[in-house]
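Encoded as structure tokens, the structure appears first; notes follow it.
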Amino acid sequence: MSLFHKTLLSSLLENQNRATACSSSQSHFLLKPIKFVSIEIFITNYLYFLDFDFVSFSSSLVLKMKLNNQKDPAEKLMWERTLSGSGSPTRPVSKLMVTLLLLVSATYVVYTLKLISNSRACQVEPFSAVVRRLNDIVNSSQPLILFHTNQTAVIKSYASPPPSPPPPPPPPQTGFQHVVFGIAASARLWKQRKEYIKIWYKPNQMRGYVWLEKPVTEEDEEDETSLPPVKISGDTSKFPYKNKQGHRSAIRISRIVTETLKLGLKDVRWFVMGDDDTVFVAENLIRVLRKYDHNQMYYIGSLSESHLQNIYFSYGMAYGGGGFAISYPLAVALSKMQDRCIKRYPALYGSDDRMQACMAELGVPLTKELGFHQYDVYGNLFGLLAAHPVAPLVTLHHLDVVEPIFPNMTRVDALKHLQVPAKLDSAGLMQQSICYDKRRKWTVSVSWGFAVQIFRGIFSAREIEMPSRTFLNWYRRADYTAYAFNTRPVSRHPCQKPFVFYMTSTRVHPVTNMTVSRYEIHRVAHPECRWKMANPSDIKTVIVYKKPDPHLWDRSPRRNCCRVKSKKNNTLEISVAVCKEGEVVEVV
């Protein structure tokens with residue numbers, strides 16, 4: 001039964017009970033008008049629910065109406081005879097009918113007076129509830145469909161489907177609580193390397209474990225509160241190792257992800273691998289991982305800077321020292337087959353290529369992120385850091401091999417110094433901006449939070465964005481073509497050697513809420529230049545203003561723009577910000 005019928009029937013029954021209680025008659029009940037629908041349709045539906053024969057009722061009703069409308073007395077008499085079924089009623093019958101009509105009329109008058117006297121106490125209008133309910137249906141958005149048949153006229157109401165439940169809230173964004181670090185370490189170098197881990201690891205926010213081949217003696221009580229817990233790797237003597245140039249500890253390190261998974265930690269989305277000499281910019285790591293669906297299989301990392309390294313190992317392999325991330329579903333799949341996989345590759349050199357071999361069997365390729373840095377180089381990282389690719393800086397590696405990233409500091413102190421701008425604007429750390437001082441004809445390159453370079457002359461952005469070769473190849477006999485990216489030589493022209501300013505301090509301005517970073521000139525000897533133009537050596541300090549931009553990597557990759565603001569005494573002021581509409585770094 002449709003909603004209309006249910007509403008009508010329940011209202012009729014309810015009002016019939018009320019009418020009975022208030023001594024109202026059914027005739028009075030039927031005489032109430034229905035404003036929104038014709039009396040014929042209402043009576044039809046009412047009689048339909050009371051199981052009346054609508055055909056006989058309507059036929060009698062129509063004939064009676066036609067009889068009352070006849071103006072000719074002869075025709076009226078004919079219709080009365082038709083209805084009565086007798087052409088000549090007798091006189092006694094007529095008297096009886098008159099008596100009955102008088103009796104009924106008297107009863108009706110008395111009954112009506114009684115009803116009127118009780119109406120104020122009752123305050124019931126039998127049809128009012130019906131009308132209200134039917135009006136609710138008619139005025140609602142539910143469509144009313146009228147079906148006409150030979151015997152009935154039925155109104156059906158189709159209710160709209162119930163509203164669908166609201167979608168579940170999206171899962172929280174990936175954060176430190178969803179990441180577990182697995183750090184490969186050596187007991188022999190632990191005392192020295194643990195200082196790198198202290199720089200970036202936050203015990204109260206992160207989860208992770210250091211995996212050693214054997215226990216070490218804790219000499220510093222601070223280690224317990226500033227370092228991840230130490231775990232001892234499982235026995236790997238059952239796995240064959242046949243590479244004469246390597247060490248079988250590679251098998252142990254390759255199983256760190258599987259062993260970390262077996263610890264049964266809850267709410268893990270990503271397993272992140274690194275070495276004990278890997279320094280993470282953890283906030284940028286989270287930014288990178290948020291780009292990917294942790295419910296899918298992902299193997300995220302980057303290549304070596306050495307072209308020869310990539311050839312010897314693989315261009316499809318993530319280098320463990322630079323760090324890589326494995327999603328939870330991939331870690332589960334890896335754990336089910338890794339031991340069998342490792343046994344199939346006894347001739348491989350290290351842990352990274354064993355991991356990549358198993359990924360190949362699982363069919364999962366490397367997803368490359370340029371912010372993971374293996375740094376298979378020697379010498380000075382300045383050229384690489386000052387021209388960082390347009391990607392968040394995630395890791396630094398091989399810090400024991402290269403020079404300190406800031407001059408006149410130890411390696412550890414230099415990395416601690418880098419943490420100051422990293423805490424204020426990690427998204428913009430090391431990001432390069434290029435601009436020109438057109439009045440002095442200088443080219444300015446800002447590597448925010450690290451260094452500023454000033455060049456005499458105007459150089460194209462294409463040239464300045466290439467790293468200068470301040471470093472040496474991992475294979476010392478290799479030439480400059482043995483890199484996996486474009487480089488440019490360090491200029492030998494006495495007038496084109498850049499003036500370098502290293503970051504000395506960074507703070508947030510309390511009023512403007514902008515970072516104010518200060519860069520002091522690196523005091524080294526410069527050859528004499530005979531060009532008749534402004535000399536950058538007159539500048540002793542560069543001040544860079546930049547608004548923190550935590551959502552920098554939520555947008556499409558693009559370098560920020562810098563603008564030379566002014567020169568006051570020996571200080572050059574520069575602003576760094578998102579490029580304006582139509583702003584281009586062009587040579588003019």
Sequence gap at least 6, Cα distance under 8 Å: using those rules, report the relative contact order of the range 419-577 to the nearest whole percent. 24 percent
Determine which residues of the range 339-365 fall in the zone a paramagnetic label at Arg248 would reach in this model, i.e. backbone nitrogen under 13 Å from the point 7 Å along Cα→Cβ. 346-347
Modelled FRET efficiency - R0 35 Å, Glu224 with Tyr475, Cβ distances, 0.05 increments: 0.30
Please give the length that would be gained between Arg558 and Leu265 if that part of the chain were fully extended, namely 0.36 nm times their separation in residues minus their C-alpha to C-alpha distance (nm, one decimal). 101.7 nm
Would you mind ranking Val390, Val564 so that the residue whose beta carbon has the fewest other beta carbons within 10 Å leads the list? Val390, Val564
Note down the nm distance, to one decimal, between modelled labels 7 Å out along Cα→Cβ at Asp538 and at Thr504. 2.0 nm
Kindly put Leu366, Leu399 in sequence by how many other C-beta atoms sit within 10 Å of each C-beta, fewest to most. Leu366, Leu399
Using 0.36 nm times the number of residues separating Ala484 and Lys580, minus their current alpha carbon distance, what extension gain do you get? 31.3 nm
Ranked by Cβ crowding within 10 angstrom, fewest neighbours first, how are Arg469, Arg354, Arg287 ordered? Arg469, Arg287, Arg354
State whether the range 233-328 is rounded, prolate or oblate according to the following rule on the C-alpha gyration tensor (a ≥ b ≥ c being the square roots of its eigenvalues): a/c under 1.5 gives rounded; otherwise a/b larger than b/c gives prolate, and the remaining case gives oblate. oblate
Around Leu265, under 14 Å between beta carbons, what's the net of Lys plus Arg minus Asp minus Glu among the other residues? +3
What shape does the range 419-577 take by its C-alpha gyration tensor, where a ≥ b ≥ c are the square roots of the eigenvalues and a/c under 1.5 counts as rounded, a/b above b/c as prolate, and the rest as oblate? oblate
If each residue of separation counts as 0.36 nm, what is the full-extension length gain between Ile232 and Lys214 once their alpha-carbon separation is subtracted? 5.9 nm
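Read-outs throughout are calculated quantities, based only on the coordinates presented, and are distinct from any laboratory measurement. In this text the structure is predicted, and so the values were computed from the model without any measurement. Glycine gets a Cβ as well: all are built from the backbone with ideal geometry, and neighbour counts include every protein chain shown.
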